[in-house]
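As structure tokens, the structure follows; a few thoughts come after it.
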Amino acid sequence: MNTWYEQAIFYHMYPLGMTGAPKQNREPRVTYRFAGLDQWIPHIQQLGCNAIYIGPLFESSSHGYDTRDYKLTDRRLGDNDCFKRFVKTCHQSGIRVVVDGVFNHTGREFFAFQDIQQNREASPYCDWYRGVNFGAGSPLGDSFSYEAWQGHFELPCLNLHSPAVKQYLFDVIRFWIDTFDIDGIRLDCANVLDFQFMKEMRAATDQMKADFWLMGEVIHGDYGRWVNSEMLHSVTNYELHKSLYSGLNDHNFFEIAHNVRRLEAIGPKLYTFLDNHDENRIASKLNKKEHLPLAHLLLLTLPGIPSLYYGGEWGMEGMRTPHCDVDLRPCITIEEGKKLHRPLTDVITSLIHIHAKNPEFYGGRYQELLLNNRQYAFARHARGSAAITVLNSDDQPAAVSIPAPFAAARAINLMDDTVVTVENGRVNMILQGNTGTVLRMMED
């Protein structure tokens with residue numbers, strides 16, 4: 001029996017951006033923007049996604065990752081009751097909810113940091129932060145120095161070796177589960193989090209809620225160090241992300257296939273994506289817009305837990321600058337978004353529903369069948385069944401001959417319900433330029 005997250009198809013929401021919230025959190029009053037977020041739920045359900053990753057969400061000073069209160073919904077979005085209703089509506093719609101957990105650092109307005117600012121050595125929170133030194137000052141004018149995330153001194157690093165800090169953060173998670181009934185946490189900066197801290201978090205959350213999911217933001221490294229029975233259930237698959245767009249841009253399916261093989265042991269557990277709130281949009285990364293459907297075909301049929309970033313279903317573009325991420329996190333209402341509906345939207349919706357209805361795509365074994373620079377075919381196996389994905393990234397039509405993964409008389413094209421014959425153990429077909437499809441092998 002698969003867990004909910006093994007069968008999840010995520011929709012990624014960046015609420016501060018999509019609601020047009022102010023960049024700085026300076027107003028003392030609560031502004032209620034959750035009504036706008038609530039309107040996305042039927043759209044997400046219609047697409048076929050069954051899980052939402054939403055964040056950052058908790059009270060912060062600016063971009064959301066400089067937390068100042070872990071137990072308050074950001075006042076620029078609403079209050080705790082608003083988020084509680086949002087999660088309840090999602091659950092009633094068959095959608096799980098995962099939030100950001102920013103546990104590597106806090107903002108400077110977090111109570112523990114402010115207590116050190118006020119009381120210096122007399123503060124009971126001196127060991128809550130890494131590298132606190134009262135013999136030096138900080139670049140921001142503090143009378144002490146401290147470690148900051150990547151040198152950003154507005155983000156002081158928590159000391160995750162401190163029992164008090166660990167207990168506080170575990171209490172925060174329990175509060176989120178008890179108050180909002182969340183289903184999992186995406187751990188910000190998981191690549192630099194203390195491993196023992198994550199092990200203890202896994203043990204604690206396993207007791208808090210059944211099938212509670214922990215996914216970590218990890219860019220480089222051996223993903224198996226994080227994804228195992230003692231630590232996290234999943235991490236972000238940046239390796240596949242990079243190979244998907246560069247493999248299509250360079251007409252090099254070998255790069256994608258090599259990456260899939262390298263990660264094959266843990267691939268089905270990894271969180272896969274084409275873009276997110278930190279990455280340029282895939283529609284801006286690809287050299288050819290004609291490759292957008294192929295990118296989504298790969299996302300939704302290769303091993304992994306796929307995620308669609310809001311606006312991606314409409315082919316929205318966006319590039320970051322050295323000092324601004326606004327174009328990656330645009331303000332858009334669901335009404336404005338639906339006006340952007342285009343053929344790509346229908347293709348993505350079809351692929352999401354194919355992924356959801358066919359067990360081969362959540363956890364099924366991967367088998368490479370055909371590989372050259374511009375054509376690629378692979379099978380995903382479930383118990384007694386198989387599905388084949390086949391792609392042609394060339395501008396010209398291509399004749400492909402694919403070995404059938406098991407003895408079968410025919411295959412069904414899941415994109416248009418047509419029948420494809422299998423002759424002498426091979427599937428022979430013509431793929432038009434820059435197209436792909438999914439075939440389900442039939443034994444009778």
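Bear in mind that the values in this text are calculations on the coordinates, not laboratory data. None of these values were measured; they are calculated from a predicted model. Note that each Cβ is placed from the backbone with ideal geometry, even for glycine, and that neighbours are counted across all protein chains shown.
Before moving on, here are some points about what is shown:
- Estimated vicinal HN-Hα couplings, Hz - segment 404-418 in sequence order (Karplus 6.51, -1.76, 1.60; Gly, Pro = x): 5, x, 7, 4, 8, 8, 7, 9, 9, 6, 6, 7, 9, 6, 7
- Estimated inter-spin distance, Arg261 and Leu340, nm [label 7 Å along Cα→Cβ]: 3.7
- Here the relative contact order of the chain, from alpha carbon pairs under 8 Å that lie six or more residues apart, stands at 13 percent.
- Note on Asn373/Ser93: beta-carbon distance plugged into 1/(1 + (r/R0)^6) with R0 of 25 Å gives a FRET efficiency of 0.05.
- Gain on full extension, evaluated as 0.36 nm per residue between Ser246 and Ile412 minus their Cα-Cα distance, stands at 56.7 nm.
- Links that overshoot a 22 Å alpha carbon limit, given the list Lys289/Lys339; Lys166/Lys209; Lys84/Lys338; Lys269/Lys357; Lys242/Lys288: Lys84/Lys338
- Counting only Cβ charges, +1 for Lys and Arg and -1 for Asp and Glu, the dipole size of the chain around its Cα centre is about 400 debye.
- Value of [θ]222 nm, deg cm²/dmol, for the chain, DSSP H segments ≥ 4, -39500 (n - 2.57) each, nearest 500: -8500 deg cm²/dmol
- Highest average first, the peptides 158-168, 411-421, 23-33 ordered by how many other beta carbon atoms sit within 10 Å of their residues are 158-168, 411-421, 23-33.
- Between amide H atoms placed 1.01 Å from N, distances below 5 Å from Ser234 occur with Leu214, Gly216, all of them 5 or more places distant or on a separate chain.
- Amide H to amide H, with H built 1.01 Å from N, Arg96 comes under 5 Å of Ala51, Ile52, counting only residues 5 or more places away or on other chains.
- Student exercise, segment 365-442 dipole from Lys, Arg, Asp, Glu Cβ charges, in Debye to nearest 20: 360
- Computed over the chain, Cα set: Rg, Dmax in Å: 23.2, 81
- Helix 80-92 and the longest principal axis of the C-alpha atoms of the chain enclose an angle of approximately 20°.
- Computed extension length for Arg26-Ala210: 62.4 nm, one decimal, from 0.36 nm per residue of separation with the Cα-Cα distance subtracted.
- Residues considered: Leu240, Leu344, Leu308. Largest GNM mean-square fluctuation over the chain, using C-alpha springs under 10 Å, is found at Leu344.
- Going by neighbour counts of Cβ atoms within 10 Å, the residues Thr3, Thr345 line up, fewest first, as Thr3, Thr345.
- For segment 101-109, backbone phi angles converted through the Karplus equation (6.51, -1.76, 1.60; θ = phi - 60°) give residue-by-residue couplings of x, 9, 10, 6, 8, 10, x, 6, 8 Hz, Gly and Pro being listed as x.
- Backbone N within segment 273-310 under 19 Å of label point (7 Å from Asp327 Cα along the Cβ vector): 274-290, 292, 309-310
- Gyration tensor verdict on segment 191-237 (Cα atoms; rounded if a/c is under 1.5, prolate if a/b is larger than b/c, oblate otherwise): prolate
- The Cα center of segment 228-276 and the Cα center of segment 289-330 differ in position by 15 Å.
- Alpha-carbon centroids, segment 352-410 and segment 92-109: separation in whole Å: 36
- Loop-resident chymotrypsin sites (Phe, Trp or Tyr not before Pro) (DSSP state other than H, G, I, E or B) in segment 335-444 with no more than 15 further Cβ atoms inside 10 Å of their Cβ: Phe406.
- Length available on full extension from Glu6 to Tyr168: 0.36 nm per residue minus the Cα-Cα distance, which gives 55.4 nm.
- For segment 214-230, 3J(HN,Hα) per residue [Karplus equation, 6.51 cos²θ - 1.76 cosθ + 1.60, θ = phi - 60°, Hz, x = Gly/Pro]: 10, 10, x, 7, 10, 9, 10, x, 7, 4, x, 5, 9, 8, 6, 5, 9
- Ellipsoid semi-axes in whole angstrom, largest first, where each is sqrt(5λ) of the Cα gyration tensor of segment 91-214: 31, 14, 13
- Sequence-distant residues sharing a close amide H with Thr67 (under 5 Å, placed H): Gly107
- For Asn287 and Gln432, the FRET efficiency from 1/(1 + (r/R0)^6), where r spans their Cβ atoms and R0 equals 22 Å, is about 0.70.
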